[in-house]
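The values are calculated or read from the model by the stated rules, or taken from the named source; none is laboratory data. Just so you know, these numbers come straight off a predicted model, no measurement behind them. As a convention, Cβ positions derive from the backbone with ideal geometry for all residues, glycine included, and neighbour counts pool all protein chains shown. Areas reflect the complete protein model, heavy atoms only, side chains present, ligands, DNA and RNA absent. Shrake-Rupley method; radii C 1.70, N 1.55, O 1.52, S 1.80 Å.
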Amino acid sequence: MSYHVKLNELEMDALNEMGNIGTGNAATALSKFIGKNVDMNIPKTEFVPLGEFVKSVGGAENIISCIYMQITGDLTGEVVFIVPAQGALELNDIMMGKKLGTTTELNKIEESAFKELANILAGSFLTA
């Protein structure tokens, strides 16, 4: 089934503002979690058909680390936490107290930590 989301300018502005507030909360949570200053940004808010999603995050040749979560309850939907692959490795080094550049691939424990980080950030974003 295909659908198109049509929002007026005021609704898109409100959605962008919610994204900015949510991102600010997530950045604060990440900063506290890793004990370092963090900058995050949302370049734009858009609705992308699933078939065009890969293109919207840089194309098939762009390697990323991604966590997909479904939201259920009073609010339903999906959250996708996307980090450039190198950024995920560096976040792991910071979380695990390693020298930057040490991790070259995530093992089970590091993968679990990355998933927990995504969970914390998504929760912080949605709580805002």
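Taken residue by residue, region 33-43 has at least one member that is more than 14 Å from the chain's Cα centre (by Cα), under 19 Å from Ala122 (Cβ atoms) and open to solvent by 80 Å² or more (accessible area, probe 1.4 Å). Anything in region 31-56 that is part of a helix (DSSP H, G or I) and under 30 Å from Asn8 (Cβ atoms)? List them, or say none. Listed by number, the residues that qualify are Leu50, Gly51, Glu52, Phe53, Val54, Lys55, Ser56. Has region 54-75 got at least one residue that is within 15 Å of the chain's Cα centre (by Cα), surrounded by 12 or more Cβ atoms within 10 Å (Cβ to Cβ) and among the aromatic types (Phe, Trp, Tyr)? No, that holds for no residue. Of the residues making up region 76-118, those that are in a helix (DSSP H, G or I) and open to solvent by 80 Å² or more (accessible area, probe 1.4 Å) are Gln86, Lys108, Ile109, Lys115, Glu116.
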